[in-house]
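Below: the structure, in structure tokens.
The values are calculated or read from the model by the stated rules, or taken from the named source; none is laboratory data. Being a predicted model, the structure only gives us computed values, none of them experimental. Every residue, glycine as well, gets a Cβ built from its backbone with ideal geometry; the counts of neighbours run over all protein chains shown.
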Amino acid sequence: RCPRRTAQREAREEAAALKGSTLYVRREQEPEGLEEGELLSWQLEGLRVVCLDRDAPPDAASLAELAGEPVGLVSGVVPALELSSAGVGHDLLEVTLFPPSPDGGDAPPERLDQLPDDADTVLVPYVEEIVPAVDTDAGLVLIDPPAGLLELVQPKRRRRVTIR
């Protein structure tokens, strides 16, 4: 029979009491041991989303060379666990779409706070087939959406809710 360890039991009970709680960590305290290509959700926020340019050269050296039409900016990430407790599905990128330019000459906004409050948003599954590349240094998310995905605009909300 194993002897009881009161300290471990108390630590386990304290941990169990925190189940379902939200844990906040300061951004400058990034966890150690991230694998190559792994990102934290907050690192995606504000990145420019562009469609894959299908006419780009196959030997393109950078993500910028593959970038086609600008779509919008990442305004949030919806974790798969927020959608299903069964662990099915994938994270979703919430993308705030650039408003159409009346004359086609205006450059798209650079920051989320420059977009209109009533800008449309779409949810893009964060899977390799649809989001083949992310470059945080270049500030780009490359997407190759299936037909119709960018037309699935989310309903407008009176109050913005950010899930991180």
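Quick one: in the range 95-115, of everything that is at pLDDT below 85 and touching a Ser or Thr at 6+ places or on another chain (Cβ under 9 Å), which residue is farthest from G46 (Cα to Cα)?
A107
Yes/no per residue for (1) surrounded by 13 or more Cβ atoms within 10 Å (Cβ to Cβ); (2) under 15 Å from V141 (Cβ atoms); (3) not polar (S, T, N, Q):
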residue	(1), (2), (3)
P70	yes, yes, yes
A80	yes, no, yes
G89	yes, no, yes
D106	no, no, yes
E110	no, yes, yes
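Mind listing whichever residues of the range 40-53 are in contact with a strand residue (DSSP E or B) (Cβ under 8 Å, 6 or more places away or on another chain) and either modelled with pLDDT under 80 or acidic (D, E) (or both)?
Residues satisfying the conditions are E45, D53.
Quick one: in the range 116-129, which of the residues that are more than 15 Å from P70 (Cα to Cα), at pLDDT 90 or above and not hydroxyl-bearing (S, T, Y) is farthest from the chain's Cα centre (by Cα)?
Selected residue: E129.
Which numbered condition trips up C51, out of (1) surrounded by fewer than 17 Cβ atoms within 10 Å (Cβ to Cβ); (2) more than 16 Å from G139 (Cα to Cα); (3) under 19 Å from the mean Cα position of the chain (by Cα); (4) of a type in the set (A, V, I, L, M, F, W, C)?
Of the numbered conditions (1) surrounded by fewer than 17 Cβ atoms within 10 Å (Cβ to Cβ); (2) more than 16 Å from G139 (Cα to Cα); (3) under 19 Å from the mean Cα position of the chain (by Cα); (4) of a type in the set (A, V, I, L, M, F, W, C), the odd one out for C51 is (2).
Hey, can you tell me all the residues within the range 111-150 that are touching a strand residue (DSSP E or B) at 6+ places or on another chain (Cβ under 8 Å) and either in a loop (DSSP other than H, G, I, E, B) or free of Cβ contacts under 8 Å to residues at least 12 places away in the same chain (or both)?
Of everything in the range 111-150, those that are touching a strand residue (DSSP E or B) at 6+ places or on another chain (Cβ under 8 Å) and either in a loop (DSSP other than H, G, I, E, B) or free of Cβ contacts under 8 Å to residues at least 12 places away in the same chain (or both) turn out to be R111, L115, A119, D120, Y126, I130, V131, P132, G139, D144, P145.
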